[in-house]
1. Taking a probe of 1.4 angstrom, what is the accessible area of LYS172 in Å², to the nearest 10?
2. Quick one: compute a quarter of the convex hull surface over the Cα atoms of the chain and quote it in nm².
3. What length, rounded to one decimal in nm, is gained on full extension from LYS19 through to ASP123, with 0.36 nm per residue of separation minus their alpha-carbon distance?
4. How many lysine pairs in the chain, separated by 8 or more positions in sequence or lying on different chains, have Cα atoms less than 16 Å apart?
5. Order the following by accessible area, largest value first: ILE61, ILE26. Probe radius 1.4 Å; ligands, DNA and RNA are ignored.
6. Considering the dipole of the chain built from charges on the beta carbon (Lys and Arg +1, Asp and Glu -1) around the Cα centre, which of PHE179, THR130, CYS70 is farthest to its positive end?
7. Per the helix-only calculation at 222 nm, which mean residue ellipticity applies to the chain, given -39500 (n - 2.57) for every DSSP H run of n ≥ 4 and division by its residues, nearest 500 deg cm²/dmol?
8. I need the Kirkwood Rh of the range 37-105: take the reciprocal of the average 1/r across all distinct C-alpha pairs and report it in angstrom.
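The values are calculated or read from the model by the stated rules, or taken from the named source; none is laboratory data. Computed from a prediction, not measured in an experiment: that's the story for all the values here. Every residue, glycine as well, gets a Cβ built from its backbone with ideal geometry; the counts of neighbours run over all protein chains shown. Accessible surface is based on the protein model in full, side chains and every heavy atom, while ligands, DNA and RNA are left aside. Shrake-Rupley method; radii C 1.70, N 1.55, O 1.52, S 1.80 Å.
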Amino acid sequence: MALVSICIPTVEGNIALLKETVNGFIQHTPREQYELVISCNEFRGYEIPVNWSLKEAKGDILLIANDDLCIAGEWLPPVLAALEDKKVGIVAHKLACLNGGKFAAFWFVAIPRKVLDEVGLLDENYNTFTSDQDYCHRVRKAGYEIRFIELPMVAHKGCQTTYKLEDGDDRKRYGRELFARKWGKTPEDITYD
């Protein structure tokens with residue numbers, strides 16, 4: 001049986017959201033199949049706390065989950081079923097689809113340990129935005145697919161932390177510029193055969 005590490009980054013002001021998210025996972029995940037790895041920070045970006053969680057995680061499958069989720073049913077069986085296909089490097093919620101399916105927003109994504117070991121952690125040079133698209137691009141370049149699946153039992157409240165950022169637009173712009181410098185194209189211009 002695969003152990004799933006549920007990695008949740010949060011900030012002090014989101015404790016009520018975190019509690020609801022954690023309670024949802026506890027209620028709807030078989031206890032012997034998961035561990036919770038929660039990283040609380042003063043919002044030094046998204047990548048640092050996520051990477052800390054991924055480094056601490058012991059699971060065969062790493063689920064990156066935001067702290068503003070509503071879990072209302074058994075989410076694990078469809079995720080595990082999608083990961084049976086060894087070509088899949090990321091399983092994401094269908095509603096996390098970005099740029100026509102090229103990328104996934106990292107508010108609910110599962111990554112097999114072997115893919116993380118091969119591709120590495122999130123790039124901490126990004127500052128909250130676009131690191132998810134960068135990671136998806138790296139996963140695809142390593143020969144894996146991104147699989148989007150229906151998960152009606154998982155809802156995302158969306159942007160409960162990032163909307164508080166006074167410099168959010170600057171961080172978004174910086175992320176796009178960094179992606180373009182790193183890969184020679186913007187996320188919208190990337191194509192896959």
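1. Counting only protein heavy atoms, the figure is 100 Å².
2. 10.0 nm²
3. 34.7 nm
4. Lysine pair count for the chain: 18.
5. Order by accessible area, largest first: ILE26, ILE61.
6. In the chain, that residue is PHE179.
7. -10500 deg cm²/dmol
8. Roughly 14.0 Å, rounded to one decimal.
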